[in-house]
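The block underneath contains the structure these notes are about, expressed in structure tokens.
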Amino acid sequence: MFESAYLKIDRAKKHVHDLQTLLHKYANAARIEFEPEGRFITVYVDPKVEVDSALVIGDAAHNLRSALDHAYWELLGIDTGGKQPKGATLPIHCDGTGESYEGSIKGIKKATPSIREDTIKLLTSLEAYGGWDNRLCALHSLDIGDKHKLLTTVFSITSLRECIVIKPDGTREPWRRLGTFFFNKVDGSAVITPFDKGDRFDIHSKPQPALNILFGDIEYLDIQNVMTGFVILEREVRSVLKRMETMLERRGGTMGQGS
């Protein structure tokens, strides 16, 4: 049950894993320049990371959105005996209201009379219409946005491994995750300074940056971290499929493979 939908989810997870590998590659290749007296460090990351990452993010979002459509198509096939309407896609109305969304569900019933009443109730209960922190709308918005332009991303440094800071009294301490420093989109640079007055970086240390990536512009989801966001979106997609499976079980259907 819903085999192709779960394959799409697996493909989305692979894209997210590839994104982590991509960020690691660009972080390892970053150029680091010390101010002569160690008062700050400038980290340069190849600006191509923005395009490469946006492409991977778009692929991941598309596969998660497609998983919903694959499952919905299969569900309609069960209801209609394999006579699904052309172009059927799980209804998500990001710019709509609850009233307009329910109206669209009624339109599905009118266009496809053989659709089961429990399917209509399930679709209505998803509440996939505009509103803050609506995860289905967030996923749909990402997928639609990627069809027209590259998704906007924001990069930051979350830590500098193997970096040493020298205190005013000469004490040497490891400098790790003490904040977030964002990159300049023009030249891919981020300027990092110690937090305590009088501290300076050891210009002989060889720090290794760790990169983080944020959604530059995402609606309907109160999560900006890309990795965390995809965990949440995948969980939401699986939840929808699980609800479909549970409904079919009540009809006497077969349990799906997702877990």
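Computed from the coordinates by the stated procedures, all read-outs in this text should not be read as laboratory data. As the structure is a prediction and not an experimental result, all values here were calculated from the model. As a convention, Cβ positions derive from the backbone with ideal geometry for all residues, glycine included, and neighbour counts pool all protein chains shown.
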* Separation of segment 1-71 and segment 156-221 by C-alpha centroid, Å? -> 20
* To do: Taking 7 Å along the Cα-to-C-beta vector as the label spot, tell me the SER239-THR193 distance in nanometres, rounded to one decimal.
  => 4.3
* Tell me, what HN-Hα J-couplings in whole Hz come from the Karplus equation 6.51 cos²θ - 1.76 cosθ + 1.60 at θ = phi - 60° for each residue of segment 132-147, using x for Gly and Pro? -> 5, 6, 8, 5, 5, 5, 4, 5, 4, 5, 4, 5, 5, x, 5, 6
* In whole angstrom, and with the biggest value first, how far do the Cα coordinates of the chain range along each principal axis? -> 78, 33, 28
* **Net charge over other residues, Cβ less than 15 angstrom from the Cβ of GLY170 (K, R count +1; D, E count -1)** => -3
* **Using alpha-carbon coordinates, inclination of helix 98-111 to the longest axis of the chain, degrees** => 40
* Asked: Looking at the square roots a ≥ b ≥ c of the eigenvalues of the Cα gyration tensor of segment 120-233, which shape do they give, rounded for a/c under 1.5, prolate if a/b is larger than b/c, or oblate?
  -> prolate
* To do: Just tell me which lysines come within less than 26 Å, Cα to Cα, of LYS185; anything on the same chain fewer than 8 places away is out.
  => LYS25, LYS48, LYS147, LYS149, LYS206
* 0 to 90° range, to nearest 10: angle between helix 48-80 axis and the chain longest Cα axis -> 20
* Which whole-Hz ³J(HN,Hα) couplings does segment 191-197 yield from phi under the Karplus relation 6.51 cos²θ - 1.76 cosθ + 1.60, θ = phi - 60°, glycine and proline marked x? -> 9, 10, 10, x, 8, 8, 4
* Structure fact -> In this structure, the FRET efficiency calculated for ASP169 and LEU7 from their beta-carbon separation, with R0 = 45 Å, to the nearest 0.05, is 0.15
* By its C-alpha gyration tensor, with a ≥ b ≥ c as the square roots of the eigenvalues, how is segment 1-121 shaped: rounded for a/c under 1.5, else prolate for a/b larger than b/c, else oblate? -> prolate
* Go ahead and estimate [θ] at 222 nm for the chain from helices alone: -39,500 (n - 2.57) per DSSP H run with n ≥ 4, summed, over the residue count, rounded to 500. => -16500 deg cm²/dmol
* Structure fact -> Simple SL model, points at 7 angstrom along Cα→Cβ for LYS14 and PHE182; separation in nm is 3.4
* Asked: Cα-Cα over 18 Å: which of LYS86/LYS110; LYS8/LYS242; LYS14/LYS242; LYS86/LYS109; LYS13/LYS86?
  -> LYS14/LYS242; LYS13/LYS86
* Per-residue HN-Hα couplings for segment 220-237, Karplus 6.51 cos²θ - 1.76 cosθ + 1.60 at θ = phi - 60°, whole Hz, x for Gly and Pro? -> 6, 9, 8, 9, 9, 5, 5, 4, 5, x, 6, 4, 5, 5, 4, 4, 5, 5
* To do: Please find the FRET efficiency linking GLN224 to LYS110, where r is the Cβ-Cβ separation and R0 is fixed at 51 Å, and quote it to the nearest 0.05.
  => 0.80
* Arranged by the count of other C-beta atoms within 10 angstrom, fewest first, what order do TRP73, TRP175, TRP132 take? -> TRP132, TRP73, TRP175
* Under 5 Å between amide H atoms, partner at least 5 residues away or on a different chain: which partners does TRP175 have, H built in plane at 1.01 Å? -> CYS163, ILE164, VAL165
